[in-house]
Amino acid sequence: MKNAIIFHGSGTTPDAVWQPWLKKELQKKGYSVSIPVLTSDDPAALNVWLPLALKENYNDQTVLIGHSSGAPLTLSVLENLNVKVKQAILVAGFISPLLYDKGYNPILQKKYDWNKIKKNANEFIFINSVNDPWGCNEEQGKAMFNKLGGSLIVNKEGHMGSQKFNQPYKEFPFLLRLIE
């Protein structure tokens, strides 16, 4: 069964930015869609979020979408799965501490098993912005792309959704077109 799991970012909820819109659009295409409530902790903590994320249903037709802190969470999920998913799309993702993190971010793993992560998704797409106010920029996207391959899309769209930086981003048609 086609399903999509959307992981929201830190300090937010499943009702934020483009996630509700994307859920409706994917349901119109026959997807079962889940946007788990992870917590609104800011910063997000992997030891809290990962057990919640792993309760979702994963299969070979699953599309994973992670926004902001949901992106490194997606990588951790892939490292812990025993199934290969169809797609992993990381929007404003990152794998190293951000501008405001002071060298540490609790959603990040100290070390990733890049081979296992790569083995557990048929396709990777990274969407990052040159002007992301949090630092989830094109360098972060390139770092993930260099580890996993796939497609790297760089734009000038900020964080592609942020209440703090007044980026409502209520719809994301480009992202919808990327989903198989």
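Here are some notes:
- Selection of helices (runs of 4 or more DSSP H) fully inside region 12-93 by the criterion of at least 2 residues being touching a residue at least 60 places away in the same chain (Cβ under 8 Å) and surrounded by fewer than 24 Cβ atoms within 10 Å (Cβ to Cβ) returns 19-28.
Table: residues versus (1) farther than 24 Å from Thr62 by Cβ; (2) touching a Ser or Thr at 6+ places or on another chain (Cβ under 6 Å); (3) without any contact (Cβ under 8 Å) to a residue 24 or more places away in the chain.
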position: Asp101; (1), (2), (3): yes, no, no
position: Lys110; (1), (2), (3): yes, no, yes
position: Asn120; (1), (2), (3): no, no, no
position: Asn137; (1), (2), (3): yes, no, yes
position: Lys147; (1), (2), (3): no, no, no
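- Picking from residues in region 150-168 that are surrounded by fewer than 18 Cβ atoms within 10 Å (Cβ to Cβ) and touching a His at 6+ places or on another chain (Cβ under 8 Å), the one that is nearest to Val91 (Cα to Cα) is Gln167.
Taken together, the values in this text are just the output of simple stated rules run on the coordinates, not laboratory data. Nothing here was measured: the structure is a model prediction, and the numbers come from that model. Here the Cβ is made from the backbone with ideal geometry for all residues, glycine too, and neighbour counts use every protein chain on show.
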